[in-house]
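Trainee: Structure in structure tokens, see below.
The values are calculated or read from the model by the stated rules, or taken from the named source; none is laboratory data. A quick note: this is a predicted structure, and the numbers were derived from the prediction, not measured. Here Cβ is always computed from backbone atoms with ideal geometry, including for glycine, and neighbour counts include all displayed protein chains.
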Ligand SMILES: Nc1nc2c(ncn2[C@@H]2O[C@H](COP(=O)(O)OP(=O)(O)OP(=O)(O)O)[C@@H](O)[C@H]2O)c(=O)[nH]1
């Protein structure tokens, strides 16, 4: 304490002098207006600017968000990384970029729960605020859920990476895409088959992207839990934050009883998603970080239910 009181020892120049020392200069003459109504508004210039733009906006916007879930915790605060955009036609020079974050703040003040219903309202409001006929929001965030050890029942937190993309268009209505990426265990069927004992296994990343029917109501079904279950229930075994020895024995034996190639993973998950009536199109990707190679094994499948059913019948 006494040591702290005896500081500072050195007599420094004051802060203004210090800034000058490091190159700050006096402000130059001010000739341009500082009142908003007198300022040039270049982005609102109307002329033929040659091309319509598919999208213009801002991305990599980090913001706290609230997420609800059917799994514990039923509500959590996490960090969303947003992209906001709309199209503009060739008659407009630019968009009004401040309006994206202005609307984000307005929603945040009302308690921004990131779910499909709110994002639908958000995109429609955004199109109105920008005086455009469409708007798009994409948000990615880690979603946390409690996971208990299979035998000990000891809890801890796992997470999956989520991306939601909602587009609103005055004419076409809404397009909703959701994706969830989760880690799982896969045990190699070939290794199990050919070896006298053991089998190599690895941590796999399953990424599912689904287009949701316009009338899907997530208050009736949590799509996050449903997709997570599709990935985990088809894996060799699930991942857990806390495992005691009896748990470890269980997951090891379960993986041995359920060997999976990377191809098996995407096909089995695809079959589960195919049976979800609220999904219209989907893709499933799996990447296994091989434990016997330096490289990864990958597989993917995409499926459009409407297109395929039309072709088949
Ligand atoms: N359109 C456009 N704006 C940009 C770009 N880069 C930065 N901006 C910023 O966008 C901000 C201005 O936002 P606007 O929403 O147009 O501001 P404003 O016209 O005062 O806002 P309104 O009253 O809502 O019309 C400024 O900080 C600009 O520097 C760009 O590439 N295009």
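Trainee: Name the residues in segment 85-112 that are part of a loop (DSSP other than H, G, I, E, B), closer than 22 Å to residue 141 by Cβ and either within 14 Å of the ligand (Cβ to nearest atom) or modelled with pLDDT of 95 or more (or both), would you?
Mentor: Scanning segment 85-112 gives no hits.
Trainee: Please tell me if residue 32 is assigned to a loop (DSSP other than H, G, I, E, B) and either away from the ligand (no atom under 16 Å from the Cβ) or on the phi > 0 side of the Ramachandran plot (or both). Can you show your working first?
Mentor: Working: assigned to a loop (DSSP other than H, G, I, E, B): yes; either away from the ligand (no atom under 16 Å from the Cβ) or on the phi > 0 side of the Ramachandran plot (or both): no.
The answer is no for residue 32.
Trainee: Being outside any helix (DSSP H, G or I) and more than 12 Å from residue 227 (Cβ to Cβ) is the filter here; which residues of segment 263-281 pass it? Spell out the reasoning first.
Mentor: Going through segment 263-281, the residues outside any helix (DSSP H, G or I) turn out to be 275-281.
Selection gives 275, 277, 280, 281.
Trainee: While we're on this one: Find the residue count for segment 73-84, including only residues that are over 23 Å from residue 175 (Cβ atoms) and outside any loop (DSSP other than H, G, I, E, B).
Mentor: Adding up the residues that qualify gives 5.
Trainee: I'd like the full set of residues that are part of a loop (DSSP other than H, G, I, E, B) and either buried (at least 20 other Cβ atoms within 10 Å of the Cβ) or in contact with a helix residue (DSSP H, G or I) (Cβ under 8 Å, 6 or more places away or on another chain) (or both), limited to segment 189-216.
Mentor: Residues satisfying the conditions are 198, 199, 200, 216.
Trainee: Out of 285, 249, which single residue is surrounded by 13 or more Cβ atoms within 10 Å (Cβ to Cβ) and touching a strand residue (DSSP E or B) at 6+ places or on another chain (Cβ under 9 Å)?
Mentor: Numbers: 249 fails: touching a strand residue (DSSP E or B) at 6+ places or on another chain (Cβ under 9 Å).
After ruling out the rest, the residue left standing is 285.
Trainee: So, one more: Filter segment 38-66 down to the residues that are more than 13 Å from the ligand (Cβ to nearest atom) and free of Cβ contacts under 8 Å to residues at least 40 places away in the same chain, then identify the one that is farthest from the chain's Cα centre (by Cα).
Mentor: Here the answer is 51.
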